[in-house]
Amino acid sequence: MTAHEQFGDDLALYALGTLEGDERVALERHLQECAGCRKELARLRGDAALLAMAAGASRPPARSRERLMAAVAREPRREAQPVVPIRRARATPWWGWMGWAAAAACLVFAVVLVHQNRVLQRRLFRVEARITGQDKQLQEAKELLSSLTAPDAEKYVLTAGNKPPQPQGRAIYVASSGTLVFIASHMPALPPQKAYELWLIPDTGTPIPAGVFKPDGQGSAAVVKPPLPVGITAKTFAITVEPEAGSDAPTSHPVMVGSAG
Amino acid sequence: MAGIYDRYSGVVYSVALRVLGDTGAAEDILQEILMQLWRNPEIYDASRGSLGAWLAVITRNRAIDALRKRRPETDISDVVVSVEPDLAGSADWSRALGKIRGVLGTMPAAQRSALEMSFFEGLTHPEIAEKTGEPLGTVKTRIRSGLLTLRKAFSL
């Protein structure tokens, strides 16, 4: 079966404007390349025009002519293309323009893509620079933190005279972010199944648990960034002795208390 | 424009009336088509076919669009119609009408029906197949061979 035979029935439907979907797309593609089928399409439309004659021989009402003439009088005609048929070079059919239109669309699309690519590259460079800076800051913070909390970090407490070192705790707290770092030294050993618990004592309200810890053999301990609510102003910090699992509220008197300053 | 109206208004109005079945709507289509030609006479040139045949085809297309309440699907300036002679002129019209009706009368009823449903109702071949219970391929072939029968009758 040749291409023309294959499209024969479809051409008739296309001439009547009732071909749809993939069949229509395939035929229109074929028409772009096939002058023979374009000619046959014109002839089928001519056949359809014959069929139109079968519509009958009705005459429009007389007022229709007056209406048209009035409309024509109101609307001056653009100069000055003759209506009477004049044979002239055939206009490029729509499928002839499709290639140019597609090429123009591709060009516009390519320009837009190049522009977008440049914008995205600049954005990518900025993001990469920011990430590199943040990586560096993060690395420094990690090194600082690991130095403070490393098991092999040795703590030196300097005191006046020959007094023995006293238990000591240092809390660094940022209320706006709810961040707390606590370091303790020379803490007394605990009874079995007991632990120290750090408390944030707010201006108003009940103490807030701020971490459970057990000191090492040298009495040192650290609590880093325990979960705390944000924006709580601390009046003091306190340490109590609690069961190993910790308590929701202090169950014993504080062994250490400290205010800011 | 008066001359064009006198010569071709009958065929334009008849086609629109047959498709739409409403005199007011048919009159509107007639006004629309002829005013379009008045405003942009270059949309038609003789290489697109005789004016009468061309008007018949674009009127039918516009009326089908109106019937299906859709926007015009085909650009008027794209429609090329190849038919000789200019049968839509009033002188030949009634003679041509008689001949065409004669040809349609000799067609098998199913073929004529498929052709008319497609042309005057704008039904697609799947819609016709669903309506008549016939295979898609049969409907397609009937429509094409119906058009070719008309061509043959006028080429003799």
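The values are calculated or read from the model by the stated rules, or taken from the named source; none is laboratory data. A quick note: this is a predicted structure, and the numbers were derived from the prediction, not measured. Reconstructed Cβ throughout: ideal geometry from the backbone, glycine too, with neighbour counts over all protein chains shown.
Taken over region A:193-213, the criterion of being among the acidic types (Asp, Glu) and surrounded by fewer than 21 Cβ atoms within 10 Å (Cβ to Cβ) is satisfied by A:Asp203 alone.
Criterion first (surrounded by 10 or more Cβ atoms within 10 Å (Cβ to Cβ) and either basic (Lys, Arg) or touching a helix residue (DSSP H, G or I) at 6+ places or on another chain (Cβ under 9 Å) (or both)) does A:Lys136 satisfy it?
Working: surrounded by 10 or more Cβ atoms within 10 Å (Cβ to Cβ): yes; either basic (Lys, Arg) or touching a helix residue (DSSP H, G or I) at 6+ places or on another chain (Cβ under 9 Å) (or both): yes.
Considered against the rule, which asks whether it is surrounded by 10 or more Cβ atoms within 10 Å (Cβ to Cβ) and either basic (Lys, Arg) or touching a helix residue (DSSP H, G or I) at 6+ places or on another chain (Cβ under 9 Å) (or both), A:Lys136 comes out as yes.
Tallying residues that are among the charged types (D, E, K, R), assigned to a loop (DSSP other than H, G, I, E, B), within 27 Å of A:Pro164 (Cα to Cα) and within 47 Å of the chain's Cα centre (by Cα) within region A:184-226 yields 1. Within region B:113-156, the set of residues being buried (at least 18 other Cβ atoms within 10 Å of the Cβ) and more than 10 Å from chain A (Cβ to nearest Cβ) comprises B:Ala114, B:Ala129.
Kindly check whether there is at least one residue in region B:67-80 that is closer than 20 Å to A:Leu68 by Cβ, in a helix (DSSP H, G or I) and modelled with pLDDT of 80 or more. No, region B:67-80 contains no residue that is closer than 20 Å to A:Leu68 by Cβ, in a helix (DSSP H, G or I) and modelled with pLDDT of 80 or more. Going by the structure shown, is A:Leu11 part of a helix (DSSP H, G or I) and facing chain B (nearest Cβ under 7 Å)? No, not satisfied. Scanning region B:31-65 for residues that are at the interface with chain A (Cβ under 7 Å from one of its Cβ atoms) and aliphatic (A, V, I, L, M) yields B:Leu34, B:Met35, B:Leu37, B:Ala46, B:Leu51, B:Ala53, B:Ala56, B:Val57, B:Ile64. Applying a threshold of 7 Å to beta carbon distances and a minimum spacing of six or more residues, or different chains, the list of pairs starting in region A:210-228 at a residue that is within 15 Å of A:Ala150 (Cα to Cα) and ending at one that is β-branched (Val, Ile, Thr) and part of a loop (DSSP other than H, G, I, E, B) is empty.
Of B:Ala46, B:Ala26, which residue is more than 13 Å from the chain's Cα centre (by Cα) and modelled with pLDDT under 80? Within the list B:Ala46, B:Ala26, the selection yields B:Ala46.
The residue pairs whose first member lies in region B:8-26 and is at the interface with chain A (Cβ under 7 Å from one of its Cβ atoms) and without any contact (Cβ under 8 Å) to a residue 24 or more places away in the chain, whose second member is among the acidic types (Asp, Glu) and assigned to a helix (DSSP H, G or I), and whose beta carbons are closer than 9 Å, counting only pairs six or more residues apart or on different chains, are B:Tyr13/B:Glu27; B:Leu17/B:Glu27. Being buried (at least 16 other Cβ atoms within 10 Å of the Cβ) and farther than 16 Å from A:Val255 by Cβ is a condition met by at least one residue of region A:160-173. Within region A:14-31, the residues that satisfy the criterion of being at the interface with chain B (Cβ under 7 Å from one of its Cβ atoms) and surrounded by 22 or more Cβ atoms within 10 Å (Cβ to Cβ) are A:Leu16, A:Gly17, A:Thr18.
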